[in-house]
Structures are given as structure tokens and as C-alpha cells.
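The values are calculated or read from the model by the stated rules, or taken from the named source; none is laboratory data. Computed from a predicted model, the values in this text were never measured in an experiment. Cβ coordinates were reconstructed from backbone atoms using ideal geometry, including for glycine residues, and neighbour counts include every protein chain displayed. Ligands, DNA and RNA are excluded from the accessible area calculation, which covers all protein heavy atoms including side chains. Shrake-Rupley method; radii C 1.70, N 1.55, O 1.52, S 1.80 Å.
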Amino acid sequence: MAEPLLQVRGLEVHFPIRSAMLRRRIGTVRAVDGVDLEVARGETLALVGESGCGKTTTGKSILRLIEPTGGSIRFAGEEIARHPPARLAPFRRRMQIVFQDPYASLNPRMTVGGILAAPFEIHRIGDAKDRAERVAALLRTVGLPPEAARRYPHEFSGGQRQRIGIARALALEPELVIGDEPVSALDVSIQAQIINLMKRLQAELGLAYIMISHNLAVVSHVADRVAVMYLGRVVETAPREALFFDARHPYTQALLSAVPEPVPGRRRARQVPQGDVPSPANPPPGCHFHPRCPLAIARCAQEAPAPRIVAPGHAVACHLVSP
Amino acid sequence: MSAAVSAPEGQLARVWQRFRRHRLALAGAFVVALLMASALFASVFAPQDPTLLDTSLRFVPPFTDWRYPLGTDELGRDTLSRLLHGGQVSLTVGLVAMVTTVLTGALIGIAAGYLGGIADTLLMRFVDTMLCFPQVFLLLVVAAFVPPTLLSISLVIGLTSWMEVSRIVRAEILHLKEQDFVAAARALGASRTRIMVRELLPNAAAPILVAATLKVASAVLMESYISYLGYGVQPPLASWGNMLTNAQGYFDTVPWLAILPGAAITLTVMGFNFLGDGLRDALDPRLRMDP
Amino acid sequence: MIGFVARRLLQAIPLLIGVSLIGFGLMHLAPGGPLAVYTLNPTIQAQDIERIRIIFGLDQPIHVQYVKWATGIVSGNWGYTFFGGRPVLDVILERLPATMLLMGSALSVAILLGLSIGILGAVRRYSVFDVLATTGALFALSFPTFWFGLMAIYVFAIQLRWLPSGGMWELGEEGNILSLLRHLVLPTMVLALVITATWSRYSRSAFLEVMHQDYMRTARAKGLPPRQRLLRHAFPNAAKPLIALLGVELPFLFSGALVTETIFGWPGMGRLFVDALNMKEYPVLMGMMMFTAIFVIIGNLLADIAIAAIDPRVRLQ
């Protein structure tokens with residue numbers, strides 16, 4: 001891979017748990033605990049995992065919506081993890097986000113036109129007339145009539161609202177868009193429309209996506225590569241085909257076996273991990289997955305496995321996997 | 001697109017429907033409108049000059065002389081004209097005090113709620129501290145310290161009653177700022193000021209509007225208190241509060257002089273209170289209190 | 001529980017400091033400074049004022065003055081009145097019983113009445129009684145206390161001559177309980193009106209909220225009679241917001257007492273405040289501000305502790 005658009009190394013987001021009385025730090029929630037990711041221009045990386053595994057926090061901390069407590073984020077070669085807000089501004093134009101809940105992500109007191117003009121106002125692009133034209137163009141791009149600009153978000157359906165959310169993300173012509181479960185709040189019949197819209201826009205505009213999702217069926221449609229997260233860490237990264245047909249990590253295998261039909265025609269014995277997902281405030285030592293892993297050995301409880309390359313572009317963090 | 005083309009004023013229509021069912025609120029709105037009109041056109045409606053003395057016509061009882069529909073006071077001044085001009089004073093003070101209260105309260109509430117951390121702690125401790133003092137005490141002490149003009153009275157009332165508003169606004173902001181539309185604005189690079197003013201403030205408009213209405217009522221009440229005690233509006237300018245003070249001296253013989261300004265205060269306070277209550281029920285069904 | 005009380009006590013300290021800063025600051029905001037009575041009096045010479053200034057320690061830097069004043073507040077030396085040179089704390093404390101009597105009787109009447117109206121309204125929701133009570137409460141809340149007081153005097157004292165129009169005793173009847181009670185009726189009624197309205201509104205909504213909880217349905221399902229359900233199950237749960245209301249209402253109660261005492265010539269703290277204001281007795285005014293603020297802080301503290309005693313969850317926060 002040439003220089004990746006985005007390169008994340010050892011990303012950490014730790015939240016302090018404080019005592020009620022003196023606000024002393026009495027613990028840490030390791031929501032993101034050393035994540036490595038890479039996204040090339042124009043490609044789609046899917047970030048999958050169960051709810052609570054830290055995938056949304058990872059996405060939001062890449063955009064610095066949540067402050068990372070450690071690690072590095074390089075965007076187009078520039079380290080931005082510790083940039084002050086002023087120096088971050090140019091990168092805000094190049095990285096955008098589409099949120100999960102299209103009802104909470106649009107300001108109910110603003111017209112759609114106001115919502116879509118905001119990016120231009122913030123970055124002082126164009127005058128009022130120019131902005132109105134841009135808003136109309138954006139609406140057409142996502143398949144909505146320009147008249148929609150005069151209406152308020154509550155007058156639209158969930159799918160239409162998500163189109164508005166996508167239009168806002170595209171306003172500043174970003175290179176990377178993070179989709180935080182962009183279709184999981186929508187009706188199944190609408191999901192495909194939105195997915196197809198996002199794929200079309202990717203092809204037209206050369207966007208790179210990070211698609212955060214717990215839905216493997218969606219992932220199998222959109223992803224070029226897939227990263228699987230468990231309890232704040234990436235356990236396996238692989239190209240889409242390799243992940244669906246040749247998953248190596250026991251957790252990935254369990255995840256795939258829980259999906260009714262990840263890929264038509266393929267059957268797999270269901271492996272259900274034992275017990276509950278441990279709390280990120282108190283993760284198990286060694287490999288985070290070992291208490292629930294059917295194959296765990298003594299070493300798994302002591303030492304966190306480093307990712308090993310098992311095939312080109314396919315890395316697995318498991319002691320039991322040989323390169 | 002077809003499903004989305006519902007009535008654009010859907011929200012407003014629903015609010016109006018809920019408000020209309022609240023009969024007391026409608027009455028309140030009517031009273032408030034009437035008071036505003038009479039204060040605005042006080043000099044047109046007033047049959048006499050409110051400061052005109054005529055010692056030959058002292059204590060004319062109401063409804064006996066068509067020139068003095070509501071009678072005259074101890075100096076022979078026309079009561080109706082004094083009530084109308086007093087209303088002008090009361091409503092002016094009430095509105096200016098309300099604006100002061102709401103601006104201060106909303107500003108502090110938004111800053112505390114959105115900035116969080118140290119700023120929040122300090123601001124809210126300040127609010128707690130201010131709330132330890134009975135408002136009338138604070139009001140009277142400061143009112144006694146500054147020369148009483150209409151503006152100073154309004155400001156003093158406003159600056160001693162913003163604390164509740166800041167708490168209401170802060171609570172609203174704490175709830176709003178976790179919403180994704182705020183995260184979206186941050187992702188676009190919006191400044192804190194822009195997020196507070198453009199994204200958060202309009203969403204807190206409903207509770208602020210309700211608080212503002214109720215604050216007019218309490219400000220009118222406070223003005224009449226301190227004027228009654230001699231630290232508010234000064235004679236010869238008529239205010240309902242200082243009309244009451246004057247009337248107290250002739251209370252056992254000419255009660256109507258005390259009844260009329262008191263009734264005017266009560267009517268005004270009730271009007272704004274009922275309107276505020278109705279607005280709260282209509283705008284925010286969560287806060288509903290009465291059947 | 002001990003930890004909770006200790007924590008709440010610690011939290012009261014910054015409040016006390018804040019209150020003292022505001023109180024001290026206000027005193028120095030006064031036109032002519034804290035010695036306005038002297039500086040605005042043309043018969044007093046400049047050198048005399050200078051002497052008084054030194055006696056009161058007003059020539060020292062402001063932070064030294066504050067520390068001296070604050071230690072005085074803590075140790076019970078609240079300064080002396082300009083007229084008569086009496087200790088401020090004594091002057092305030094001798095007015096305390098009258099105010100406590102008035103506030104206590106008004107609060108008891110109001111809570112008893114308000115609670116009964118509120119509970120009945122909640123149990124018979126939307127009945128004629130409920131609608132009348134909630135509407136009545138809304139009217140009562142809009143009544144200016146001082147006008148209501150004047151009207152009460154006009155009707156009951158001047159027209160009907162049933163009750164005295166003001167004061168605490170008839171002349172020469174000091175110490176006569178019956179006379180005291182006759183004098184107490186009207187001020188209590190006036191002060192209690194607004195509090196009754198507040199309490200009926202709050203207790204109604206507190207009970208409405210509680211009565212829809214699952215444990216109330218369970219109590220009903222297991223055949224508990226209504227009286228038992230109300231007393232054993234609803235009451236302790238609804239009491240929490242009401243105790244909190246009691247704490248929050250304290251400053252308001254002082255405000256109401258001030259107005260009521262002025263109208264009825266009741267020799268309590270409110271009356272003292274207005275008199276001190278008229279005479280520019282700043283040491284007394286500031287003493288009263290501090291006294292009521294400390295009173296309010298302690299009241300809120302007690303309310304919080306009472307809530308924690310009822311509800312174990314609160315202690316753990």
C-alpha cells in the first residue's frame with residue numbers, strides 16, 4: 001500500500017472513573033485500548049463488533065469528537081491526534097461523519113437548508129446566494145428535491161433524514177467519511193437504498209469510508225476490508241473475502257457463526273462464546289477474549305497477543321494462529 | 001417525498017391545539033393583551049392627567065362622577081388615569097426585568113451546561129450561593145443602595161431573579177449537548193460560540209419562553225412590593241405599589257383606593273402566570289402539572 | 001450515612017464562603033460606604049468620621065477587613081448597631097422567636113392543608129374537587145401577599161372587628177396566650193396562603209407519580225386496603241420531593257414573612273429588616289442577610305439528610 005489516507009496506531013480512549021467525594025480517579029474504562037487501523041484512498045474499511053466493543057468510540061475519536069488519550073492518528077501523512085482546535089480546522093473539511101440516528105443528528109430547530117448551509121458558513125465559503133446553490137446541488141446529489149431546503153427535519157422520513165445527514169457530510173468535499181452504523185436505525189427496505197447511495201457517491205467522488213457496523217450482512221455488501229473489534233482492541237483485520245471465508249480468530253469465527261447466512265450456501269457449526277462480554281472498566285488480563293474462548297490456553301491469560309500477518313493484508317491477534 | 005409533505009406548521013399547530021384547550025391560559029392571554037394595549041395607549045385612554053391635583057374633589061367614590069369613572073384619591077387625582085399610567089410603569093419594569101433575568105439566566109445556564117468542568121462548577125456554586133438569600137432581602141438592600149429610576153429598579157429585580165432560569169437552561173443544555181447534531185456541528189469545525197448560540201439556544205427556546213412569561217409576573221409583583229415599601233417607583237410617578245402605600249392611610253374610610261391598585265396587580269400577575277402555565281403545558285407536555 | 005453527612009457538610013463550606021463574600025461585598029457597595037449614616041450626616045465632622053473609620057477598622061486593606069469580619073461571624077461577634085451600639089447578633093436573635101412562631105404556624109397550617117388537598121386531588125384525579133383545587137392554587141399563587149394582607153385586615157379587623165389588625169399583643173396583655181393567638185390568626189392565614197398553594201400542587205404531582213409505580217399495583221394486587229397503601233407505600237416515596245421542597249422554600253418563606261410582618265406590624269425579623277433599611281443600619285442588614293443565608297443552608301442540609309435517611313440510594317451517590 002502506498003501512503004494510506006488514514007493511519008491509526010495504538011489509539012487509546014480511556015475514561016476515568018471518579019469517586020463521588022473527592023473526584024479521585026478510582027478506575028479507568030478502557031473503551032479503546034490500542035487500536036491500529038489503516039484506510040487507503042477510495043476504499044471502504046468496515047469496523048465490526050458487538051455493541052460496547054468500542055467501535056463507535058474509535059470512529060468518533062479519529063474525528064476528535066471524543067479526545068483520544070493516547071496513540072497516533074495520521075491523516076494524509078500529518079499527525080493530528082494532538083492538534084489544537086485551530087490547527088484541526090482544515091482537517092474537519094477532509095473528514096466527515098454520518099451518524100446512526102437520523103432523528104438525533106439533525107437540529108430540529110433548523111431548516112434543512114440551514115443545516116446544509118452550516119458547513120459553508122463555518123468555513124466561510126461563498127456568499128448567501130452561492131451557498132443556496134450549493135445546498136440545492138447537495139440535495140440533488142443525495143436524491144432529494146431542492147425544495148426540501150425550506151422544510152424542517154421532522155417533516156422527513158428516516159431514510160430521507162439520513163440522506164440529509166449524508167449531504168451534510170459531503171458538503172465540504174471530504175476524502176474520508178466515517179459512517180457510524182448509518183443504516184441500522186432504518187427500515188430494512190430503506191437500508192439498501194442508503195447503502196447504494198453511499199456506494200454510488202464513493203464511486204463518483206472517490207471517497208474512503210470507515211463503516212462502523214454490527215451487521216455483517218451490510219458489511220459483506222460494502223466493505224473492501226474488515227477490522228473486527230473486541231473489548232477495545234482489533235482482533236483481526238482482513239480483506240472481505242478472506243474474512244468471510246477464512247476467518248482465523250476464534251472470536252471472528254464465533255461472530256460469523258452467529259449470523260444466519262453470512263454468505264449464501266455456506267454452513268458452519270454455531271460457536272457461541274460462553275458467558276457475557278466483560279466490562280471494559282475491568283478487562284481480563286492477556287487476550288481480552290480468553291475467558292470466553294473455547295480454545296484458550298494458559299498463555300492467553302498472561303500475554304496480550306500481537307497481531308501476526310497470516311496472509312497479505314490479513315492480520316490476526318491470537319496466540320494460536322501461526323503465520 | 002410525498003409522505004414528508006405534511007403541514008409545515010405541524011408543530012406549531014399542535015402547540016396551538018394544546019394551548020387552546022387550556023381555558024385559564026386563554027383567559028390569561030386575553031388579560032395580558034388587554035393590559036398591554038391599555039399600557040401602550042395609557043395617555044389616550046386616561047380621562048385626566050394622572051398628576052393633576054384638585055383638592056376640591058378629594059375621595060370621589062367610583063362610578064359617581066363621569067369625569068372620574070373610578071373616583072379620585074386623597075389629592076383629588078383621577079384614579080383611573082393613575083391606574084393606567086401605573087400599569088405602564090409596572091409592565092415596563094416587568095418586561096425590562098424579565099429580559100434582564102432571561103438574558104443573564106440563559107447566558108449563565110448555557111455556559112455552565114455546555115462548557116462543563118470548572119466553569120460549570122463555579123457558575124453553579126454561584127447560583128447556589130445567590131439562592132441562599134431570600135430574594136426580597138437582596139432586592140431591598142440593593143434597591144436601597146441605588147437611586148430609584150425605572151431602569152435601575154428593573155435591573156435590580158432582573159439581577160436578583162435569574163438563578164432559576166439558569167438552572168432550567170443548564171438542565172436543558174446538558175440534555176441537548178449529548179445529541180448527535182451537536183457532534184455533527186463539532187465535526188464540521190463549528191466554534192463553541194456558534195454551537196451555543198446557533199445549535200443549542202433555539203432548542204432551549206420553549207422552556208426559556210415559559211420561564212420568561214412567569215418571570216414577568218414575579219417582576220411585576222416584586223416591583224409592587226418594593227414600591228409599596230418606598231424603595232421602588234417614587235411619587236409623583238404613579239405605580240400600583242406606591243398607590244397602595246398612599247391608600248393605606250385612608251384604608252378604613254376609603255377602601256376602594258387600596259382595592260383598585262391591588263386588584264390591578266393581582267390581575268396582571270394572574271394573567272402572566274396563567275399564560276405561562278398554559279404555554280408550558282402546550283410547549284412541553286413533559287412538564288405538565290395540572291389537569 | 002456518616003460519610004454522606006460529612007460530604008454534605010463539606011459541600012456547605014464553599015456556600016458559606018460565597019455567602020459571606022456577597023454579604024461583605026454588598027456592605028461595601030453601599031453609597032457612602034458602610035458608614036453612610038455618618039458620612040451623609042452633615043452635622044458630623046470629617047475628623048470624627050476618620051476616628052470612627054479607624055474604630056471600625058475600615059482604614060485597613062479590604063482583605064484584612066474581610067478576614068476580620070468573617071472570623072467575627074464565625075466566633076459570634078457580628079458587630080454593633082450604629083444606634084445604641086448593641087451587638088447585632090443579640091438584636092437579631094431577640095426577633096427570632098416572633099418570626100419562628102409566625103413561620104412555624106403558617107408552615108404547619110400550609111403543609112397540613114396543602115398535603116391533604118394534594119393527596120385528595122391525586123386520589124380523585126380530575127374530579128370536581130381536583131379541578132377546583134388546582135385552579136384555586138393557581139389563583140392563590142398569583143395573589144400579592146401584601147394586598148391579600150391588607151384585604152384581610154379590611155374585612156376581618158375593620159369591617160367585622162373579629163380580629164386585631166396588627167401587633168402581637170394588646171397593650172397591657174403581654175404574655176397572654178389567648179391574645180397572642182388572636183393576633184396570630186391573620187398573619188398566619190396570609191403567609192400560609194401561597195405556601196398552601198405550592199404544597200397542594202407539589203404533593204398532588206408527587207403522589208400522582210408514585211401511584212403509577214409498579215409497587216403500588218403490587219400492593220393493590222395483594223389486597224392491601226387503600227388507607228394502608230397510601231400510608232405505608234405511597235407516603236414514604238412521595239415524601240422525598242416534598243422534603244426537598246421544604247428546604248428550597250425556606251428563603252421564600254423569609255421573603256413572605258418580611259412582607260407579612262411589615263403589614264401586620266409583627267415584631268419579627270422581617271420587620272427588623274425593613275426598619276434597619278429605613279435607618280441605614282447596615283450592620284443589622286448584613287447580619288440579617290448572613291443569618292438568613294446560614295439558616296437556609298442549614299435547612300437545606302437537614303432536608304438532604306432527611307431524604308438520605310428515607311432513601312438509601314441517595315447516600316451512595
Task: the stretch B:55-139, relative contact order in percent, only Cα pairs under 8 angstrom and at least six apart counted - done: 14 percent
- [ ] Please sort by residue number the chymotrypsin sites (Phe, Trp or Tyr not before Pro) in the stretch C:67-126 whose DSSP state is loop and whose Cβ has at most 15 other Cβ atoms within 10 Å.
- [x] C:Phe83, C:Tyr126
- [ ] Taking a cut-off of 27 Å between Cα atoms, list the lysines near C:Lys68, but don't count ones fewer than 8 places away on the same chain.
- [x] C:Lys280
- [ ] Determine the share of the stretch B:116-176's accessible area contributed by carbon and sulfur atoms, expressed in whole percent, with a 1.4 angstrom probe.
- [x] 72 percent
Open item on the list: Interface size between chain B and chain C, please: total buried accessible area, 1.4 Å probe, rounded to the nearest 100 Å².
Closed with: 4300 Å²
TODO: List the residues of the stretch A:149-181 that lose 50 Å² or more of accessible area once all protein chains are present, compared with their chain alone (1.4 Å probe, heavy atoms only, no ligands or nucleic acids).
DONE: A:Arg151, A:His154, A:Glu155
Task: For residues of A:59-69, the mean tally of beta carbons on other chains within 10 Å - done: 1
Open item on the list: I need the phi-derived Karplus couplings for the stretch A:109-119: 6.51 cos²θ - 1.76 cosθ + 1.60, θ = phi - 60°, integer Hz, Gly and Pro marked x.
Closed with: 9, 10, 6, 4, x, x, 4, 7, 7, 3, x
Task: Average accessible surface area per residue within the stretch C:95-311, 1.4 Å rolling probe, Å² - done: 43 Å²
- [ ] As a check on your grasp of the helix formula, calculate [θ] at 222 nm for chain C: sum -39500 (n - 2.57) over DSSP H runs of n ≥ 4, divide by the residue count, round to the nearest 500.
- [x] -24500 deg cm²/dmol
- [ ] Give the range of the longest stretch in chain B that excludes all GluC sites (Glu not before Pro) found in loop regions by DSSP and having at most 13 other beta-carbon atoms within 10 Å.
- [x] B:10-177
Open item on the list: Am I reading the A/B interface right? What is its buried accessible area, both sides, 1.4 Å probe, to the nearest 100 Å²?
Closed with: 2400 Å²
Open item on the list: Tell me which of C:Val88, A:Ser72, C:Gln159 sits at the most positive position along the dipole axis of the protein assembly as shown, charges placed on C-beta atoms (Lys, Arg +1; Asp, Glu -1).
Closed with: A:Ser72
- [ ] Can you tell me the 0 to 90 degree angle between the C-alpha axis of helix B:10-21 and the longest principal axis of chain B, rounded to 10?
- [x] 40 degrees
Task: Scaled radius of gyration (Cα, divided by 2.2 N^0.38 Å) that the stretch B:2-287 gives - done: 1.19
- [ ] Starting from the Cα coordinates of chain C, work out the convex hull volume and express it per residue in Å³.
- [x] 180 Å³
Open item on the list: How shielded is B:137-144 by partner chains, expressed as the average number of their Cβ atoms within 10 Å of its Cβ atoms?
Closed with: 6
Open item on the list: With +1 on the Cβ of every Lys and Arg and -1 on the Cβ of every Asp and Glu, and nothing else charged, how large is the dipole of the protein assembly as shown about its Cα centre, in debye rounded to the nearest 20?
Closed with: 2580 debye
- [ ] Treat every Asp and Glu Cβ in the stretch A:62-112 as -1 and every Lys and Arg Cβ as +1, leave all other atoms uncharged, and give the resulting dipole magnitude about the Cα centre to the nearest 20 debye.
- [x] 180 debye
TODO: List the residues whose amide H sits under 5 Å from the amide H of A:Thr44, counting only those 5 or more places along or on another chain, with H placed 1.01 Å from N in the peptide plane.
DONE: A:Tyr209, A:Asp224, A:Arg225
TODO: Set the Förster distance to 41 Å, then compute FRET efficiency between C:Ile158 and C:Tyr126 from the Cβ-Cβ distance, nearest 0.05.
DONE: 0.50
Open item on the list: Cut-off 17 Å, label point 7 angstrom out along Cα-to-Cβ of B:Ser56: give me the residues of the stretch B:76-95 whose amide nitrogen falls inside.
Closed with: B:76-78
TODO: Take every residue in peptide A:109-116, count the Cβ atoms of other chains within 10 Å of its Cβ, and give the average of those counts.
DONE: 3
Task: Carbon plus sulfur fraction of accessible area for the stretch C:123-230, probe 1.4 Å, in percent - done: 61 percent
TODO: Using a 1.4 Å probe on the heavy atoms of the protein chains only, list every residue of the stretch C:126-150 that has 50 Å² or more less accessible area in the complete assembly than in its chain alone.
DONE: C:Leu138, C:Phe139, C:Ser142, C:Pro144, C:Phe146, C:Trp147, C:Leu150
Task: Whole-Hz couplings from phi, Karplus 6.51/-1.76/1.60, listed for the stretch B:178-184; x for Gly and Pro - done: 7, 6, 5, 5, 6, 4, 4
Task: Mean separation of Cα contacts under 8 Å, 6 or more apart, over the residue count of chain B: relative contact order % - done: 25 percent
Open item on the list: Quick check: the angle from helix C:282-310's long axis to the longest principal axis of chain C, C-alpha only, nearest 10 degrees?
Closed with: 30 degrees
Open item on the list: Ordering A:Glu67, A:Glu175 by accessible area with a probe of 1.4 Å, largest first, what comes out?
Closed with: A:Glu67, A:Glu175
TODO: Pull out a ≥ b ≥ c, the square roots of the eigenvalues of the alpha-carbon gyration tensor of the stretch C:221-317, then state rounded if a/c is under 1.5, prolate if not and a/b is larger than b/c, and oblate in the remaining case.
DONE: oblate
- [ ] Go through C:155-162, A:215-222 and give me the packing order, highest mean Cβ count within 10 Å leading.
- [x] A:215-222, C:155-162
Open item on the list: Which residues belonging to the stretch C:269-294 lose at least 40 Å² of 1.4 Å-probe accessible area when the assembly is complete, relative to their chain isolated?
Closed with: C:Phe273, C:Leu277, C:Met289
Task: Residues whose placed amide H lies under 5 Å from that of C:Tyr80, excluding near-sequence neighbours - done: C:Val88
Task: Estimated distance in nm for a label pair at A:Ala306 and A:Glu78, the labels positioned 7 Å out from Cα along Cα-to-Cβ - done: 3.2 nm
- [ ] Using label points projected 7 Å from each Cα along Cα→Cβ, tell me how many nm separate A:Gln193 and C:Thr218, to one decimal.
- [x] 4.7 nm
Task: Relative contact order of chain C, pairs being alpha-carbon contacts under 8 Å that are 6 or more residues apart, as % - done: 26 percent
TODO: Any of A:Lys60/A:Lys199; A:Lys55/B:Lys177; A:Lys60/B:Lys177; A:Lys55/A:Lys199; A:Lys129/B:Lys177 with alpha carbons more than 27 Å apart? Name them for me.
DONE: A:Lys129/B:Lys177
Task: Dmax and Rg, reported as Rg then Dmax, of the protein assembly as shown (C-alpha, Å) - done: 34.5, 114
- [ ] Could you rank the peptides B:244-257, C:276-289 by their average count of other C-beta atoms within 10 Å per residue, with the highest value first?
- [x] C:276-289, B:244-257
Open item on the list: Once you order the gyration tensor axes a ≥ b ≥ c over the Cα atoms, which shape class does chain A get: rounded for a/c under 1.5, otherwise prolate or oblate by comparing a/b with b/c?
Closed with: prolate
Task: Cα centre as origin, Lys/Arg/Asp/Glu Cβ charges: chain A dipole, Debye - done: 560 debye
